[in-house]
1. Leaving out ligands, DNA and RNA but keeping every protein chain, what accessible area does L41 have, in Å² rounded to the nearest 10, with a 1.4 Å probe?
2. Using alpha-carbon pairs under 8 Å, 6+ residues apart, how would you state the relative contact order of the chain in percent?
3. Kirkwood Rh and Cα-based Rg: tell me the resulting Rg over Rh for segment 63-205, rounded to two decimals.
4. Which percent of the accessible area of segment 357-453 is formed by carbon and sulfur heavy atoms (probe 1.4 angstrom)?
5. Using a 1.4 angstrom probe on the protein heavy atoms only, line up W249, W372, W422 by accessible area, largest first.
6. Pull out the extension gain between I439 and N511, defined as 0.36 nm times the separation in residues minus the alpha carbon to alpha carbon distance; nm, one decimal.
7. Working with all protein chains in place, sort V328, V86 by solvent-accessible area computed with a 1.4 Å probe, largest first.
8. Give the dimensionless ratio obtained when the Cα radius of gyration of segment 1-71 is divided by 2.2 N^0.38 Å.
Amino acid sequence: MEEKIQKLNALRKEAQLGGGEKRIEAQHKKGKLTARERIELLVDKGSFEEVDMFVKHQTKEFGLDKQRYLGDGVVTGYAKIDGRPVALFSQDFTVLGGSLSEAHAKKIVKIMDMAMKLGIPVIGINDSGGARIQEGVVSLGGYADIFLRNTLASGVIPQISAVMGPCAGGAVYSPAITDFIFMVKNSSYMFVTGPNVVKTVTHEEVSFEELGGANTHSIKSGVAHFSFENEVETLEHIRKLMGYLPLNWRDFPPEKEFDFNRNLELPELNGIVPDNPNKPYDMYEIINLLVDDGEFLEVHKDFAGNIIVGFGRIGGMPVGIIANQPAVLAGVLDINSSNKAARFVRFCDAFNIPLLVLEDVPGFLPGTDQEWNGIIKNGAKLLFAFAEATVPKVTVITRKAYGGAYDVMNSKHIRGDFNFAWPSAEIAVMGPKGAVEIIFKREIEKAENPEDALNGFLQDYIDKFANPYIAAERGYIDDVIIPAETKIRLIKAFKLLKTKVDTNPKKKHSNIPL
Ligand code: HXC
């Protein structure tokens, strides 16, 4: 027995080294950690249980029979994060560039199938040269097997992708289907076709980083939800994100203890919205005051800054926050912000995370660019996502709620459970100036002094409509609240809503405007 145990230990040791010390060194030289080092940093100390350590590929072509490494380029297994279970895979670039073989794909498929049975999240760390070229179509089949599982698992268990190296070609579509993509600045990239192909086809000269690096995808394309300076910071933030998520769609997000006896009044909130409705203010100030301990995990921080989305806790209860940002483009809704928020709302709804909407929106962005690129169908995504969501939904209108955007931003009409407004709220079909210029066009034209006439009508309109009381008269607003009392009211609302049950009509699935 002793000898057999020694053999096992020797094999384990060999597996730990992946593609060997030289390649590990090369990985480190690029500023990258190895597959196993990443797992160690990601999960609770000592909690990782590896499976399929002894798997090898069975291919003989192109000399591959001489390159058979234990584990075949991916480390898979189960672990805990903050004491809660998770399935994970971590591609090992030191073994044939982390390329995906049939055996490699089967390992990923195995833990995904198990994660579905167990109802636990899957975290995938991607660092791979793509399909193992020597295996041809078998490798492509392996990718498709993973894509299918990513799709079937969507909305059942949270799926998180960390891209920590190359992720190119069709391989990008696995992370793309998952719920959140994390990238690392200057060492990870994602693209469907690389710079060389781009040069041949479109004659554009572009670097790897510029084409598909972390900045490109977190600022320009919105493909990445999070990007960080280095791998350690990235892995830390995956842990943070997990702290807000349930294990599966039947589970509830983890609550934290909260001292309800502390003073919950926030007098600073009374002084944030400026008296001048055209003056911007920073919605982050409101969010940071409202969330417990000022902790807010922002998603898509660098993309479509006119809307803010992310996770926080209110009275210990996790919520997904969707907030217009008056400091960027006046908080207007456009294509990117609608897409960003719609995806977030659907994630929260799929996983029982209540929604808190902080609303200050002047409407949808006008212009040919927006119209020609489909603001209609993209804005509809957000409307659809809010309307379809059955989780607890609370809205606080801090200032403007104009036009279609009033309806879209979780209004009472689309099943908002509690719709509050601050006294500074202006709920109307459009801003006062635009409205007056339309409805009093003739009177203004005929007036001796059109400017004075316009100002007169404007004041009338503001007095009548630029407030929350007309909406409150109809019950579209449940209450007008003092800003300082917002946190108390939100805690009460979300507590009450814990027993909420709402459903949608039976169907195969909805048909969200895509
Ligand atoms: C087999 C691969 C490989 C691959 C890399 N390697 N990619 N082996 N199949 N796809 C091997 C290399 O031969 C090398 O082996 C080792 O991994 C490290 O690769 P390097 O090139 O030395 O590393 P680096 O300079 O960092 O470059 C990384 C890279 C490059 C940019 C990813 O390796 C590359 O361009 N690879 C090919 C990418 C590609 O075209 N893949 C197919 C995409 S199509 P040794 O033994 O020398 O260490 C695709 C389709 C998926 O993926 C479709 C799904 C539907």
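1. 80
2. Values: 1031 pairs, mean separation 45.8, N = 514.
Over the chain, the number comes to 9 percent.
3. Values: Rg = 15.3 Å, Rh = 15.6 Å.
So for segment 63-205, dividing Rg by the Kirkwood Rh gives 0.98.
4. Working: 2500 of 4290 Å².
In segment 357-453, the share of accessible area belonging to carbon and sulfur is 58 percent.
5. Result of the area sort, largest leading: W372, W249, W422.
6. Values: separation 72, 0.36 × 72 = 25.92 nm, distance 3.75 nm.
Separation in residues times 0.36 nm, less the Cα-Cα distance, equals 22.2 nm.
7. Details: V328 55, V86 0 Å².
Highest to lowest solvent-accessible surface, that is V328, V86.
8. On the way: Rg = 14.5 Å, N = 71, 2.2 N^0.38 = 11.1 Å.
For segment 1-71, the normalised Cα radius of gyration is 1.30.
The values are calculated or read from the model by the stated rules, or taken from the named source; none is laboratory data. Since we're looking at a predicted model, the values are computed, not measured. Don't worry about glycine lacking a Cβ; one is built from the backbone with ideal geometry, like all the others, and counts go over all protein chains shown. All accessible areas refer to the heavy atoms of the entire protein, side chains included, with ligands and DNA or RNA removed. Shrake-Rupley method; radii C 1.70, N 1.55, O 1.52, S 1.80 Å.
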